[in-house]
Structure formats: structure tokens, C-alpha cells
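Reading through the C-alpha cells given below for one structure.
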Amino acid sequence: MQRILHRCIGQKDGYYRLYHAGQLAERQAPSQLSGLAPASAFGHGAKPGEFQLPMRLTVLKGTHRHFKRLQVTLQSVLREDTSLRSIDEVHSQLKVAGATPEYLQKMIRDYFLNEEQPFPVIEALDVRLLACHNVLLEDLSPAILAEFLENPGLLQRAPDAPSSDLAGEKRRCIEDVWMDMYGDSNLPILKPEAKADALAADDEKTQRRRQTQRRRQLAIERVTMDSAICSWLELQRVHEDAGRAGQGGMQQRLWKSWVPTIANLIADPKSALAKGSGSRSFLKLQTSGLEPELLVVIASQTLLSLLFLPVFRHKDERLQAAQKGLFGQVPFVTAATAVGEAVEAERWHRERTKLRGDKDDKLNSFHKQKHIAAFQSPTRTVQIGAALVDLLLDHAKVSLPEKESEVQDGSPRNGEGPRVVEVQAFQHAMRREGKKQVGILMLHPLIRAQMDEEEHVLSFAQLKHKPMVIPPQPWRPCGKQPQGPYLMQGAEFVRTTSQSSTNLRFYSPTRACQAMDSLGRMPWKINQKILEVMKETQARDLGIADIPTRSDPEVPRMSDEELQDLPERERKELRLKIYNAEKRCRELQSERPTFLLKLQVAEDFRHAEKIYFPHNVDFRGRAYPVPPHLNHIGDDVSRGLLMFAEPKALGPDGLFWLKVNFANLFGKNKISFEERADWVDAQRDWILEVAADPLSPSSVARWSNADDGPWQVLARCFEFAEVWAAESPEEFRSFLPVHMDGSCNGLQHYAGLGRDLEGGKAVNLYPADKPQDVYTVVLQVVKQKVHASAEATPDDDDEEEAAKRQLSQRLIELDVLQRKVVKQTIMTICYGVTTVGAIQQVRGQLEDMVGDKVEAAEIQSLAKYLAQLVLSSIKEVFAQAKLIQNWFDQNTKILNRLQAPASWISPIGLDCVQPYRTPHTVSVRTRRQNVTLKTGESVLLNKSKQRMGLPPNFIHSLDATHMMMVAERCEELNIAFAAVHDSFWTHAADITQLNKIIRECFIELYEQPILAEFYEDLHVHLGGQVPPDLPPQGTLDLNVIRDSRYLFA
């Protein structure tokens, strides 16, 4: 028997004879050898009714569609809906055959080497580990395999594994194996100490190592995609094992406790909810085809994720929501849509098995499209989602101590111990938004307070996309079978609905795709030193460098009577303190989960040798990483946590540019490069002190208040300490990126478009000894106007002038006429910032500067006045840019009359179409409220957005083109390159070469007749009407840009 087993796992050249011998022996002793020989028990050549995989797990070759089918198959294994061997059956076969640990190791190695035929018993083990636990077979160590031969429960979950051996000792299970190999990470990424012991550690073939990483990527994507179903299956296991029912943290006691109650209501065929108002939605829910428990799990996770982790487009939007008290609230229609879409996505995964096979796809394409359409009905989606949200509102309850709850609607519960009451977990209210009443959902404030901790918030966080551990797949967005960067998960190449996406069928965005591929192939890794300091900062609750505190600031409390007894000045100051403390509490509600998600992603990938961020574009061509929470486009926390995975020696001038970058982070970007480097040399002593002890009080005071990125500063302090300690700094291998940023880049592109000499000088298109600061230029004009108004002779009859005089004097008194107050408005003026937007930007800066001593109403008045002065001053300084903006405006007025959207082909070849149209809406009646739902777009334009959008969108398409041109050139020269719109990153050693590339590409871009070509296109778009004449060109010679050191500085 041992001889046959040995030969079955032996040489490939004797495979058919050995397999025949195995069959003969199996007939003689079927219980011993069944499945050990390398035979095709599933996969190619499988018999009808047998378990099949759409591809070999050891090869993983196929299209995006094949990988999706693989996911469906693995989910069926997870649900135990297959005839695949169980772990116990695998173990039994191995034991009966007398397999030793050494033979098992060899069998697994041969399984990975044999690409033609699988080893059924090993493949069954591989499939089970991947499908049920997201564990890779090749990550197991010889010691774990030997333990498995003695304990079959080792590779099973605790409820499935025997709880004790004969001596009554607790036996290890798959959770213990996970900790041995992957530690606290949620992802199957080996710890350093586990890598040396893994079976794949001795694999010297590059191809096999790549294949292992490909399998690891598959497992990571499955972790993301299987969140809800894994929670549901875990619930089932808990219910089956009454001994574990009392276990679990707050997050389990919160939402997992209400799953059975609501699931029973859904399953009840005679439910009263099937009649009366909202019954149609409830009936659709009952006929969805999914298990009731799974429906409740999906709804709970989705709604909690919306309430704790809302998506904001930028930091200002998040802060505005927090200041208005809107954080922690979600519109009812948003919740219903999100829950419904999550349910429909799960239904679609189930139904994919009915549309299998390439031939079926071709022969039954009409039937397939009709079948898919059943899962894309917005009305049905909202009805299902609304029914589930209604059930959560009515029946999701949580027990709280009576003295804490202080609620009217709580119901007492009997039993020993402190008296508790049940309260509704979710609350529904109406909020006025303009002329409309909007239904909103909230979590009970006491429940939220209990959950506002790291392990609770992250327990239901659903991250749609994570960084990758393999280079992203090349983008192929065109055709019937588009290919995205992930193996299984979908991602759109263009971040918009409707027109720009459908246009991909009619033209080839090859250059744009190749540029995104290049950005996505840039390898990164987690900066372990920064991660450790961040964790310690959070543990010590220091509240520095944008790390939110775990505790809220104390809000002063005083009754109305006590307030009235105070002098007016003290009463005013106290109210201001209360307002600011409450505002900070609301801001922390959004900052904590946002930070914790970044920290969790960093923890999950901290042991990955390389991680990658696939990129896609918006309709203008601007590039964004697909993983949303931790990436280099994020805030300083995100950037501090990341560094290049592949270092490069500093070379002759790398240390100089590292110093320049360090000085820039402290706001020293208005002096020459040489002066910046000298400034860093003068700070050497404290830089070394910070690197030695970053969290000492003196060190924290040095680095945590850096103007443009304290965590990036700290990372560079660590690197400077290593460089200065090195025998040869030029040979030091640097991991940190150095940034070169455009000088008010939008105005740079306007100056290039219009050949604007004076504007170009202000934004560093023209050579100079020191960088020109456009923000200071505009600020000087603003100051002149403010001082002139403050010193003007008052006219008693002119109330408006008197008010301006008073506001001007107040601005001078508060000393707020500073560069940072006007900077954001100047940066965004070329992108179409409105007066309202400018007021919000200025107000935000004023709140940061004087919000602790000036009331909100006065800040609003000051912001409105100052924003108007800034906008008028910009027009004076950049007259040429305003001419081009006015020309865009004239054309959009004509296009709007013709109901034609503004569109153009960017110089990189991307078809840009403004997607602003009026929406189609339908009204869906739910039991809670009527929901107005946007179901698509009409042919009618949103004329206001079309008009306001063209200037900024056209300029954005040009800065995106410039970035892609630089990316192409760096790819050709094998230079590492990453970008954040108008900020270009590479190794310090390559900055000199990158600067040259940036200037050359800028010249190359604007040597093209961009406006003239758009003018010719407008003749077609305007239906025969003649567009307005082009604005006159200036006298800027583009060739001088080659000598402009500070174009990007």
C-alpha cells in the first residue's frame, strides 16, 4: 500500500500506469486509496453531477468572467452546497492510506507542480481551506501538517472541530492556525516569522512565487466579497452550538441579537406585514430567494456601515457635515437603496450559475440580458431595501441599563441583575433641506456611544476594494467583456454613469489605460515605524497630528437661569465654548472611524512585501486609486503610512532633494531650493532627537505641527537619521517619495493655454531666482483694499460703506489677512469656484484661526466680505484666464439652448462628456414614507451645471493629460512615478530627471493648438452656428519654461 501511495505522488512520466495501478488497488481497497491518485475528480473531464471548478486553483488562468464563476463555485462550498470531500473525509483517506507528514508535504508540492491533472484529495483540501477559511495551502508549515494528521479539527472552525482530546485538553482549530500564520491581520498575509516555515518558502521558481501571490490576491478579494455570507454562516454555527451563544463582543450583542427575530418575521407566510401599507415591498422581500437570516445580516451591516462610515468627497465636506450635526445621519432613500443593492448583488451571485459556459453566453445573449435586467430594476431594489430598513426600525432593539437609557419607549425585561430596558436601535425623523422634507435614520445615541470604539466600528466596516498584492490586471474597458484590475471584483474605468462609460464602446482610450496601468504597477509598502508610532499615539490618547482622541472634549453645562445671571461678556464666551466643544464632538464622530479604517488597512497589509493601488479616472481623465481608505492621494496620515517598496540609492543629489521635500512640508516653499536645504541642515540636532524619541514632549512640539504633513515629516526624520549615520550617504537606499508640486497648477494651465506672460510669471512658468508666490501677490491686493476701506472717511448716509469699513477694521484687528486664508480660493478659482464656495472656504480658515474667540455669525459676515474681495482681486491679477473662462461661458450658453452637452477629446485621447442632465425620478411607496428615486438621466441638460462645469472640467482634463504624459515618459525611462493630480512623486535620486520631464511635457502639451481644435469641434457641436471668436493669445514663449526651476517646486 505504501509503495502504491509513493508511486501515486511520484514521477510524472509514469502517471498513467500509476493511476491504473491506483484504480486497481482502489477496487481492492476503496476506502484506502480513493482520491489519492492524481485523477480528475472535478475540473476538466469531470462526470456530470460531480463538483467542478471553472479553473485550476494552482494555475488561476482565465478571464474576469471565469474568476467570477470561480467565486460562485467557492461560495457554494462555503454554504456546503456541494459534494466535495469534507476535511474529515480528506483526513480519513490520508490516515487510512498511511500518509506520513513527509509524504503529505511531498504530495502537496507535487500538486502544485502538476499542471495537467489534480490530486483530488489534496485539491479538495485546497478548495476547502480557500473557500471556507481563505487560507492558502502552501502557507501551511510542516509542523501544522503533522499536527493535522493527528487532529483533523485543526483545519476546521471551533464548532466543527472536536472540543477536546481524550485527556480533556482543548484542541487547536483553524483560528489558531490563522494566528500562527497571519497574526491579527484580517487578510491571509504571512507574518515574517511564518514565511520561513511555510511550504512555499523553499520554492525557488519565480513563476511559482508569482502564482502563490496570485492565489493570495484571490483570497483577499474573497474576504472583501464574502463579508455578509460569512457573518450569516457564523450565526448559524453559533445557534447550533448553544454553549457559545453568550460569547461575542458588543458588536455581536448589538446586531446579531436581532437577526432571529426579524428573520422569523420575513419567513412567516402569514405575517401581518404582507397586508396593508408597504405590503408590496414586503412580499418582494419574501420572494427574493435569499435566506431570511442572510437578508437581515446584509441589511444590518450595510446600514451600520452607512451610519458610521459615510463617504465624503473631500475633507471639507466631512467637516461641514460634522459642524451641521449631520454626521451619523443617513437619508432613508440612501439607506433603502444601499441595502437593496447589496441584496440584489447577493442574488445575482447566486443566479450566475444559471448563465455558465461560453457557448451559452453567445447563443443566449438576449436571454442573458433579460435575466440581468431583473436584477437592475431601481424600483424593485428600493422596495426590497425599504422593507428591510422598516423591519430594522421597528424590531431592532438593544438592552440598556435603565439608569442609562432614560427613554420613554423602553420596555422592562425580567430577570436577575440590574434592571434593563429595550430601546429601538434606530430612529427615524424628518429633516428640512431647502423646500423639501427628507426622512433620515439615526442610531440611538447611547448605542452609538457604546459602539464608538475600534473593534466595534471595524466589525461591520465593508471595504469594497482593498490594495492588491499583485500588479493590477491591465485595463481593457472596451468591448463586451471589459477587464478591470482585480481578479474577481468589478471596477469601472471611468468614474461616472451614463455617457462617458458608454462611449468606451466607440473609441479606444488606449493611452489613458496604459497610463493607469503604469500608475497601478507602482509598488508600495507600509512604513512600519510610522505605524508603530501612530498606534502608540492612539493608545496614549495624545490627540496630536490629526490622530483623533478617544475621549470627547468636556462640554460646559449650565442651566438657562445660571447663564442669565452671568455678565454679558462671560455669557457670550461660555456660549462660544459650548458651541466649539459640541462642534468638536461631532467632528470626532467622523474622524475616529475614518482614522481607524486607515489604521486597520495598514495593519492588514503591514507584512506584505509589496502592495499596489489600481487607478481609474473620472470623465475628465483625473486619476484616482480604486481602494478608497488608505492610499497616497489621502491625507497626511495615509501618506505617512506609505513608502515605496523598492528603494533606490540617493546618488549625488538625492539627499539635497530629500532636504528640499522636508522643508516644503514645513511651508518653506517660497525660498530657493538651496535655502531650503540650508534650513534643514540648521535643524539637524532636533531632527536626530525626534528620530530617537518621537513622542517625548520636546519632540512632539517639533514635528507634530508641521504645516503640510507631520507624519510625513516624522518619516523623513527617521530616514535622515539613517542617512547621516551611513558611511556613504550617496549609497543609502531611500524608500521615501519626494514630491514636486505645481504652483497653483490650474492657473499654470490657463497661462499655457492663453500664452499669458504676466500670469505665467506669477505661477512660475517664467524663469526666476526664487519661486513666485501667486497667493502672496493676490493677498497684497486684498490687503490694499481692506486698509483703504478701513481708513476711508465715514459717510453717515451710506450704511453699506459703513458696514464694509467696520468689517475691514475687524479683519485687521483679528490679524487674519494671511496667505492661508486666500490660498484655497485662488487654487480653485480656475476650477469654477462659486461665490458660495469661496465663502465656505474662507469661513473654514477663519474658524480655524479665530473660532475660539469669535462667534459663528460674525465669522460668516467676515467670510462673505473677505471672499468677495479675494474674487475681485483674482480677476485683476489674472485677466487672461478670465477671458478664457468667459469664452467657455459664452459657448455653453449656446450649447444649452441646443440641449447639447459640452464635450471634447482631451490631448491624451479621452472622450470627455459633461454628464450633467436632469434626472428621471419615480415615487416608490413604502410603509415608512414615500421615496422619490432617481432612476436614470433624461435627455434634458442640467444647464446650470453644464455652464459652471466647462471651465474647471476642461482644465482638469489638461492637467490629467500632463500627468499621463509624464507617467508615460517615466515608464520609458524606468523611473518610479506616482501622482496626486498636480503633485508628482518619485525617488529622491530621480527628482532632477523628473523635473526635466515635467517641463518638457508641459511644453509639448501646449505646443498643440488645444483651444483652436476645440473651436473647430464647436462648429459641429453647435449645429452650424458660429462659435464666439477665440480669446487673443498672449506673448509668452513656451520655450522659456525649460529654464524655469520652480514650475513644479
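Annotations
- Mean Cβ count within 10 Å, highest first, over the residues of peptides 967-974, 950-957: 950-957, 967-974
- Here the scattering of region 759-828 is modelled by Debye summation over its C-alpha atoms, one equal scatterer each and no solvent; at q = 0.19 Å⁻¹ the log10 of I(q)/I(0) is -0.80.
- Distant-in-sequence amide H partners of VAL420 (H built 1.01 Å from N, under 5 Å): GLU402, ARG413
- Loop-resident trypsin sites (Lys or Arg not before Pro) (DSSP state other than H, G, I, E or B) in region 806-862 with no more than 15 further Cβ atoms inside 10 Å of their Cβ: LYS853.
- Hz values of 3J(HN,Hα) by residue in region 594-605 - Karplus curve (6.51, -1.76, 1.60), Gly and Pro given as x: 5, 5, 4, 5, 4, 5, 5, 4, 4, 4, 5, 10
- Sequence-distant residues sharing a close amide H with ASN527 (under 5 Å, placed H): LEU642, MET643
- Considering only LEU869, THR828, ALA857, the residue lying farthest towards the positive end of the dipole of region 757-877 is THR828, judged by Cα position with unit charges set on Cβ.
- GluC sites (Glu not before Pro) restricted to DSSP loop in region 695-800 with at most 12 other C-beta within 10 Å: GLU727, GLU791
- With a threshold of 32 Å on the Cα-Cα distance, the over-threshold entries among LYS577/LYS864; LYS668/LYS882; LYS68/LYS256; LYS397/LYS525; LYS783/LYS893; LYS256/LYS535 are LYS397/LYS525; LYS783/LYS893.
- Remark: region 1035-1049, residue by residue, has Karplus-estimated 3J(HN,Hα) of 10, 5, 8, 4, 5, 5, 4, 4, 9, 8, 5, 10, 4, 10, 9 Hz, where x stands for each Gly or Pro and the curve is 6.51 cos²θ - 1.76 cosθ + 1.60 at θ = phi - 60°.
- Ordering of 649-659, 80-90, 179-189 by burial proxy (mean other Cβ atoms within 10 Å per residue, highest first): 649-659, 179-189, 80-90
- Distance between region 889-911 and region 67-132 - C-alpha centres, whole angstrom: 57
- Phi-derived couplings, Karplus 6.51 cos²θ - 1.76 cosθ + 1.60 at θ = phi - 60°, listed residue by residue for region 997-1009: 4, 4, 5, 5, 5, 5, 5, 4, 5, 8, 6, 7, x Hz, with x used for Gly and Pro.
- Inter-probe distance in nm under a simple model that places probes 7 Å from Cα toward Cβ, at SER86 and THR510: 5.6
- Positive-end ranking of PRO647, SER699, ILE633 along the dipole of region 586-702, with charges on Cβ about the Cα centre, is headed by ILE633.
- Trypsin sites (Lys or Arg not before Pro) within region 546-628, DSSP loop, no more than 11 other Cβ atoms inside 10 Å: ARG557
- Spherically averaged projected area of region 757-877 from its Cα convex hull (nm²): 8.5
- Close amide-amide hydrogen proximity is noted between LEU53 and GLY43, each under 5 Å apart and 5 or more residues distant or on a separate chain (H modeled in the peptide plane; Pro and chain starts excluded).
Each reported figure results from applying straightforward, stated rules to the coordinates on display, with no laboratory input. Nothing here was measured: the structure is a model prediction, and the numbers come from that model. Cβ: placed from backbone, ideal geometry, glycine included. Neighbour counts: every protein chain shown.
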